Amino acid sequence: MFRTLRRALCVAAALLLPLAGVQSARADAADEAAGAGYWHTSGRQILDAAGKPVRIAGVNWFGFETANHVVHGLWARDYKSMIDQMKSLGYNTIRMPYSDDILKPGTMPDSISHDGKNTDLRGLTSLQVLDRIVAYAGQSGLKIVLDRHRPDAAGQSALWYTASVPESTWITNLKELAARYKGNSTVIGIDLHNEPHDPACWGCGDTSRDWRLAAQRAGNAVLSANPELLIMVEGVQSYNGTNGWWGGNLMGVAQYPVQLDVPNRLVYSAHDYATSVAQQSWFSDPSFPANMPGIWDKYWGYIFKQNIAPVWLGEFGTTLQPSVDQKWLAELVKYLRSTSAYRADGFHWTFWSWNPNSGDTGGILKDDWQTVDTVKDGYLASVKAPGFDPGPGPGGPGDPGGGNATCSAAYTLGGDWGGGFNAEVKVTNTGTLPLKSWKVTWTWSGSQKVTNMWNATHTQNGATVTALNAAHNGSVPVGGSTSFGLGGAPGGGGATGVSCTAT
C-alpha cells in the first residue's frame with residue numbers, strides 16, 4: 001500500500017522514568033484485566049501467562065515514526081486522557097509505530113503541549129516519552145506492540161534496510177528495545193518491519209530481498225534479548241506473481257514458514273484496506289462483497305483456518321465515505337469473528353488509526369482529537385475484547401443454570417437547530433451473557449420523524465421509534481457497548497421512555 005498516500009504528517013502547531021517504575025505493581029495488577037503477564041501462542045491462538053486465550057483488539061497510534069518523534073495529538077490532549085479513552089471504548093492494545101530515529105541518542109519530541117497537560121513529559125527524550133506511555137498503558141490494563149514502521153522519519157522503505165540504515169542497525173535497535181522493556185509485560189511483542197513490498201520477496205532465497213529469511217534473523221535476535229516477546233511478521237506485496245496490499249500477502253507461509261529458535265512466539269500479520277486508500281480488482285467484482293472472504297482466505301486467512309499460527313490484522317482502515325468501503329468493513333468485521341460467538345478464537349486486529357490525521361483513512365477520533373467517530377467505532381464493536389473472557393462459565397451459553405441478556409440505552413441529543421436535530425444512542429450490555437442482537441425504543445413529544453439513521457435500522461409508528469441493530473453491531477460483549485446515530489426533523493428531538501431489549 002502506498003505509504004505516501006496515508007501518512008499525513010502533522011506539523012503541529014522531555015528525567016528518565018526508571019524501569020522499576022515501568023514495571024510497577026500497578027501495572028502487574030492491571031495485567032489481570034488484560035491477559036496476565038507475557039503472551040505466547042498455541043496453534044492459531046494467543047494465550048496469556050496462565051494459558052488463557054486472549055485477543056488483540058486495538059488501535060494504531062502513530063507519530064513516533066514521523067518527524068515529530070512522538071505520538072501525534074499531544075499538542076491537543078494529555079497522553080493519559082488519550083489512553084483512558086481508548087480503554088473506555090473497549091480497545092485493549094496499542095500498536096505503536098516508530099522509526100529508528102528515536103533510538104539515536106538525544107532525539108527529542110516535537111509538538112507536545114505542556115500547558116496544563118503532558119506536564120510530566122517536559123524535557124524528556126522521545127524514548128523517555130515512550131517509557132511514560134508504556135508505563136501508563138500498563139497501569140491502565142492495555143498492552144503495546146512496538147512497530148518498526150520506518151528506518152527513519154523520511155518515509156517508508158520497501159526493504160527492512162536502506163543505505164543509511166543497514167540491517168545491522170535495524171537488528172541492533174530491535175534488540176535494544178527488547179532489552180529496554182524486558183520484564184515489563186505491557187510490551188507483548190514487536191512488529192519487525194512495516195509493509196515490506198517489491199522488490200521484497202518471500203522464499204526466493206536471495207538474502208538481500210527475502211523478507212522471510214530477514215524476519216528469522218531479526219526475530220531470533222529479538223528473542224535472544226527477550227525470549228518472552230511475540231514476534232510479529234508481516235507479509236510482502238507479491239508472491240509467485242500474485243499482488244496484494246503492501247505487507248498483506250502471506251501466501252508464501254504455506255511453503256516457507258518462518259522458523260524461530262524459541263517456539264510459540266510467532267504471529268503472522270497482514271494489512272488490508274478499502275478503496276479510500278487504493279483500488280483493487282476485487283472491489284469491482286460483480287460478486288462484491290461476497291467475494292471478500294475468499295480473497296482474505298487466499299492471502300492470509302488460511303494460516304488461521306489451518307491452525308498454523310495466529311493471524312493479526314495489524315492495519316485496516318477507511319474513510320467510510322464510499323458505500324463500497326462500508327460494505328467492505330462490515331464484511332471484514334464479520335470475517336474476523338465476533339467475540340461473543342467465538343471469544344478469543346478469532347483473528348487479532350489493530351485498526352488504522354486512532355489518529356484523525358491519517359490522510360486517506362481518518363481515525364477513530366475526529367479532527368478535534370476528542371470526539372469519537374461513533375460510526376467507525378460502532379463497526380468494530382462486535383470484535384472488541386476488553387475482558388479476554390477465556391470461555392463460557394457458569395451461566396454462559398449452553399448452561400441451563402442461569403444468566404441473562406439485558407441491555408440499557410442512553411439517548412443523547414446533539415445539535416438542534418429548530419428545523420432538525422441529531423442524536424446518538426449508546427447501547428450497553430448490562431447482563432451476564434453477550435448480546436446477539438438488540439432493539440431500542442423511544443417516544444418523541446411531537447411530530448418529529450427520523451430523516452436518516454446510521455449503524456441501525458428503524459421503524460416509526462406515530463411518535464414512537466424502534467431501532468434495530470445493524471448486522472455489524474448486534475453482538476455486544478458483557479459490559480461492552482455500541483452506538484448508533486440519527487437525524488430527525490423538525491427540532492425538539494428530546495426523547496422519553498427510552499428502553500433497550502435483547503432480542
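With a Förster radius of 56 Å, plug the Cβ-Cβ distance of Lys449 and Lys104 into 1/(1 + (r/R0)^6) and report the FRET value to the nearest 0.05.
Values: r = 60 Å, r/R0 = 1.08.
Result of the calculation: an efficiency of 0.40.
Under the rule of -39500 (n - 2.57) per DSSP H run of 4 or more residues, summed and divided by the residues of the chain, what mean residue ellipticity at 222 nm is obtained, to the nearest 500 deg cm²/dmol?
Numbers: 12 runs with 102 residues, N = 503.
Mean residue ellipticity, 222 nm, calculated: -5500 deg cm²/dmol.
Measure out, as a whole number of angstrom, how far apart the alpha-carbon centroids of the range 247-304 and the range 455-501 sit.
Using only Cα atoms, the two centres lie 35 Å from each other.
Extent of the range 407-502 along each principal axis, from alpha carbon coordinates, in Å, largest to smallest?
So the three principal-axis extents are 40, 19, 19 Å.
Rank the residues Asp100, Asp297 as a footprinting-exposure proxy: fewest other Cβ atoms within 10 Å of their Cβ go first.
Sorted ascending by nearby Cβ count, the order is Asp297, Asp100.
Classify the range 79-118 as rounded, prolate or oblate, taking a ≥ b ≥ c as the square roots of the eigenvalues of its Cα gyration tensor: rounded when a/c is under 1.5, otherwise prolate if a/b is larger than b/c and oblate if not. Before the final figure, lay out the partial values.
On the way: a/c = 4.34, a/b = 1.41, b/c = 3.09.
Note, shape of the range 79-118 comes out oblate.
So, in Å, what gap is there between the alpha-carbon centers of the range 135-212 and the range 44-81?
With the range 135-212 and the range 44-81 each reduced to a Cα centre, they are spaced 15 Å.
Under the 0.36 nm per residue contour assumption, what length would be gained going from the current alpha-carbon distance of Asp115 and Gln128 to full extension? Mind showing how you got there, number by number?
On the way: separation 13, 0.36 × 13 = 4.68 nm, distance 1.93 nm.
Going from the current span to full extension adds 2.8 nm.
What Kirkwood radius, in Å to one decimal, follows from the Cα pairs of the range 205-280?
Kirkwood hydrodynamic radius for the range 205-280: 13.4 Å.
Might you report the magnitude of the Cβ-based charge dipole of the chain about its Cα centre, with Lys and Arg at +1 and Asp and Glu at -1, to the nearest 20 debye? Please list the in-between numbers first.
Working: 38 positive and 41 negative charges, 132 e Å.
Approximately 640 debye in magnitude.
Quick one: grab the alpha carbon gyration tensor of the range 277-393, order the square roots of its eigenvalues as a ≥ b ≥ c, and give me rounded if a/c is under 1.5, else prolate or oblate depending on whether a/b is larger than b/c. Write down the numbers at each step before the final one.
Details: a/c = 1.96, a/b = 1.13, b/c = 1.74.
It comes out oblate by the Cα gyration axes.
Would you please give the FRET efficiency between Asp84 and Ala489, computed as 1/(1 + (r/R0)^6) with r the Cβ-Cβ distance and R0 = 35 Å, to the nearest 0.05?
On the way: r = 36 Å, r/R0 = 1.03.
So the FRET efficiency works out to roughly 0.45.
When a/c reaches 1.5 or more, the comparison of a/b and b/c decides; with that in mind, is the chain rounded, prolate or oblate per its Cα gyration tensor? Mind dumping the intermediate values first?
Working: a/c = 1.59, a/b = 1.46, b/c = 1.09.
Verdict is prolate for the chain.
Under a crude label model (7 Å from the Cα following the beta-carbon direction), how far is Thr169 from Asn461 in nanometres?
Taking the simple label geometry, Thr169 and Asn461 are separated by 7.0 nm.
Going through the cross-link list Lys52/Lys80; Lys117/Lys334; Lys80/Lys436; Lys143/Lys436; Lys143/Lys366; Lys327/Lys439, which pairs have a Cα-Cα distance over 30 Å in this structure? Write down the numbers at each step before the final one.
Working: Lys52/Lys80 28 Å; Lys117/Lys334 39 Å; Lys80/Lys436 33 Å; Lys143/Lys436 27 Å; Lys143/Lys366 24 Å; Lys327/Lys439 22 Å.
From the list (Lys52/Lys80; Lys117/Lys334; Lys80/Lys436; Lys143/Lys436; Lys143/Lys366; Lys327/Lys439), the Cα-Cα distance tops 30 Å for Lys117/Lys334; Lys80/Lys436.
Using the per-residue mean of other Cβ atoms lying within 10 Å as a proxy for protection, in what order, highest first, do the peptides 246-259, 450-463, 150-163 fall? Kindly include the intermediate steps, with their values, before the conclusion.
Details: 246-259: 20.6, 450-463: 14.9, 150-163: 18.0.
Final packing ranking: 246-259, 150-163, 450-463.
With label points built 7 Å along Cα→Cβ from the Cα atoms of Lys366 and Gln321, find their separation and express it in nm.
Each label point lies 7 Å from its Cα, and together they span 1.6 nm.
Taken together, the values in this text are just the output of simple stated rules run on the coordinates, not laboratory data. None of the values given here were measured: they were computed from a predicted structure. As a convention, Cβ positions derive from the backbone with ideal geometry for all residues, glycine included, and neighbour counts pool all protein chains shown.
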